Amino acid sequence: MWLKDVKIENFRGIRSLHLPLDRLTVLIGENNTGKSTVLEAIRLALLRSFSARRSGQFTEYDFHLKDADATPSLAEPIQITLHFSENQENEWPDAIVQQMNEVIQLDQNGLNHIWLQIKGSFDSALASYETKSVFINSDSEELVLRNSTPLNLITRFAPLFFLSALRDVSREFGQRGQFWSGFLKSIQLPDEERERIEKMLQEINTSVIDANDGLAEVIKKIGGAGRLVPLGSDDPVILEAIPTRVFDMVGKIQVNLKSVYGAKLPLDRHGEGTQSLAVLMLFQAFTATNLAEAYAPESIPILALEEPEAHLHPSAIRSLGKFLESMTGQLLVTSHSGDLVSRVPIKSLCRLYKHNGETKFGRIENGLFNDREIQAIDYSIRLTKGHYLFSRCWLLVEGESEFHLMPLLFEAMGYSQDEISFSVLEISQALGKGEPFIKLAKTLGIEWFMMADGDQSGADYINRANNYLENGENLADRARKLTHADIEHEFWHNGYDDFIANMVTATRKSHIQTQAAGDDAKKTKLLIKAAIDQAGGKPAFAHALAMEIRQRGADSIPKTIQDIIAHIVKLAGD
C-alpha cells in the first residue's frame, strides 16, 4: 500500500499541514520548518506497538503551543492522519482487500482507500496524556471495529523503517538491528550439522587455550572462587578464545570491508560516510530477501531517512540521488544538500517553509510546467545550482554585471548573503526571460524580486514580472527598473564617473573621444566598456567597484539600488 498523504494537526512545530507524498519525496527547507517533524509524525502513527489499547504515546513536548503562554494540558489535540490509497483500480492484492476489508473505503472511481488517524489529548480526569488510534471514513468519522486486527495488520502491509541522521552502524548491524536481526535469525542448521560444527569449534578452542600454560593457572585460581560463592561442581571455569556454540557465533557475525590498500577492517572502523552507506545497502538487502517473510508478501516498506548525505563526499552524494530512485518501497527523505537535490527528479522535491508562523509546502504538480520550462529549470538551477532551492529569496537580474556585483553591494551595506539566504539568478539568456524561474519560486514558496535595466529591454522584463503578481501586490513589491541604462551607468551617474573613467588609459580615452564625436552618451558607454575591459572583465570590474564603495561608504551606493537591497532583505526576513 502506498502512503498517499499525511495530515498533521497540532503536533510539535506544525499547527496544520496536509502533505501529499510520492514514491520518492525529498523534503527540503531551512532548519525548524518541520521536515523531521513530518517523519516523526508518520513514525509514531506506524509504530508496530501502536494500538488502541495503548496510551501515553504522546508526551507534553509533542503538543503544539501557539504562544509563550500556552501549556500542553490546554493545547489543541494532536491529530495525525495517514491516507493510503490505490493509484488504479484493483491495485491492492486480494490479501490486503480481504484482511483490511472492514476499514477500506471505496470511492466513486472504484479505488480503495484507508485512513488511519492517531489522536492525542490531555485527560484532565486522569491527569495524563492519552493516545488513541482509529480508522476513519472519507468524512472523517470514526469507524467502529469488531476487533483491533486492522490496527495490527496495517504495519504488516506498510512497515515503516526509520533511519535518523545519526545512523549508528554498531546498532544497525547488531543482534537487534531492525534489518540485520532478520538475517541472523534466518540462519538455521540441521542438528547433526550444528553438533559437528560445535565439536570442531570446541577442539579449536582447546588448542588455542592449551597453547599457553599460564592460562591453566588462571582457570585454577578463578575456580578457587567456588569456596566463597556457589559455582558449578565440574569445571566451573571455561575460557573461550572463540564462540563454541553456533548461536553465539551467529550473534557475533561482523561485517568487514577492505580498504583501498587491501587491509580488512571492521565496518565501524571505516569512515562515517561508508558506515552510513552500508546501512542503506543493508536496507536494500533486507527488502530483497527478508521483507516478505518478516512482514507479508504484499508489504510495501516505507523508509523514512534523515539526511542521507551526511558524511559523504559531494560526488558520492550525487550518486546517492540516483540510488534513492532505485530503492525498493516508498521513501521519505529529508535533506540539506544541493548536490543531492540536483540528482533526484524535480517533481520529487517538496519544500517546507514558514509563512506568518504557519508551515506551508511547495512542490511541482503535474501540468504546471511544460517540458521546455522543466529543461530550463534543470539546466540553470537544479543540475548546477541545487543549493538555490534552499534560499528564502531569489533576485533575478538581467546580466553578468549585476550577478557579480549585487552580492558585493549587499556586503557593503552590512548584509551577509548566506545569513539573509538570497541567491542571484542571471536571466538574460534564460527561456522566456526568466519567467519559468518566477513560476518555480512561487510554486516552492521562495520569495522573488526582479531588477531590470533602465532601457526598453528592461521594460519588457518588468512587464513579464507584472504577470505574476498576487492579488493585492503592487509591481514595486516584485520588480523595479534602474534609473539608468544598466548598473554601470547607474553608478556613473551617481558619483562614480571619475572612478570608472580613471580605470581607462589615456591612449584609450583619446580614441574614445574621437569615436564619440561629441556624443556624451556614446562617450560614457564607451568609457564604461573600456573600464570593464581594462579591469579584466565584468567580475573583476565588480570587485574593483566594490572596493571603492567600501572606501566611500554604503551611502555612496545609488539610492535606487539601496532601496532594492532593503526590500530584498525585508522579503527574505518575512
task = Residue by residue through the stretch 79-100, note down the ones that are within 16 Å of E142 (Cα to Cα) and over 24 Å from the mean Cα position of the chain (by Cα).
result = M100
message = Considering only the stretch 157-165, I want to know if a residue exists there that is assigned to a helix (DSSP H, G or I) and either assigned by TED's automatic domain parsing to the domain that holds F247 or closer than 15 Å to Y295 by Cβ (or both).
response = yes
Test: residue in the stretch 184-200 that is small (G, A, S) and free of Cβ contacts under 8 Å to residues at least 12 places away in the same chain = no
query = Among the residues of the stretch 434-449, is there at least one that is in contact with a strand residue (DSSP E or B) (Cβ under 6 Å, 6 or more places away or on another chain), closer than 20 Å to L408 by Cβ and outside any helix (DSSP H, G or I)?
reply = yes
key: Answer from G472, G553, G495 - the residue that is out of contact with any His (no Cβ under 6 Å at 6 or more places or on another chain) and assigned by TED's automatic domain parsing to the domain that holds E400   = G472
request  = Could you figure out which of (1) closer than 18 Å to I14 by Cβ; (2) at pLDDT 95 or above; (3) polar (S, T, N, Q) isn't true of S85?
outcome  = (1)
message = Need the failing condition index for A278 against (1) within 30 Å of K35 (Cβ to Cβ); (2) of a type in the set (G, A, S); (3) surrounded by fewer than 18 Cβ atoms within 10 Å (Cβ to Cβ), just the number.
response = (3)
query = Looking at S299, S319, S326, which is the one that is of a type outside the set (A, V, I, L, M, F, W, C) and free of Cβ contacts under 8 Å to residues at least 24 places away in the same chain?
reply = S326
ask   = Take the residues of the stretch 143-198 that are acidic (D, E) and farther than 30 Å from L257 by Cβ: which is surrounded by the most Cβ atoms within 10 Å (Cβ to Cβ)?
value = E195
query = Y353 versus (1) within 27 Å of N87 (Cβ to Cβ); (2) buried (at least 17 other Cβ atoms within 10 Å of the Cβ); (3) within 19 Å of the chain's Cα centre (by Cα): which is the lone unmet condition?
reply = (1)
query = Take the residues of the stretch 424-433 that are in a loop (DSSP other than H, G, I, E, B) and more than 29 Å from the chain's Cα centre (by Cα): which is farthest from N467 (Cα to Cα)?
reply = Q429
request  = For E298, state whether it is part of a loop (DSSP other than H, G, I, E, B), under 27 Å from L82 (Cα atoms) and of a type in the set (D, E).
outcome  = yes
message = Return the pair list, or none, for Cβ contacts closer than 8 Å from residues in the stretch 411-423 that are at positive phi and in a loop (DSSP other than H, G, I, E, B) to residues that are surrounded by fewer than 17 Cβ atoms within 10 Å (Cβ to Cβ) and acidic (D, E), at least 6 apart or on different chains.
response = S421/E30
task = Take the residues in the stretch 324-350 that are of a type in the set (S, T, Y) and within 10 Å of the chain's Cα centre (by Cα), then tell me which one is surrounded by the most Cβ atoms within 10 Å (Cβ to Cβ).
result = S335
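The values are calculated or read from the model by the stated rules, or taken from the named source; none is laboratory data. As the structure is a prediction and not an experimental result, all values here were calculated from the model. So basically every Cβ, Gly included, is an ideal-geometry build from the backbone, and we count neighbours across all protein chains shown.
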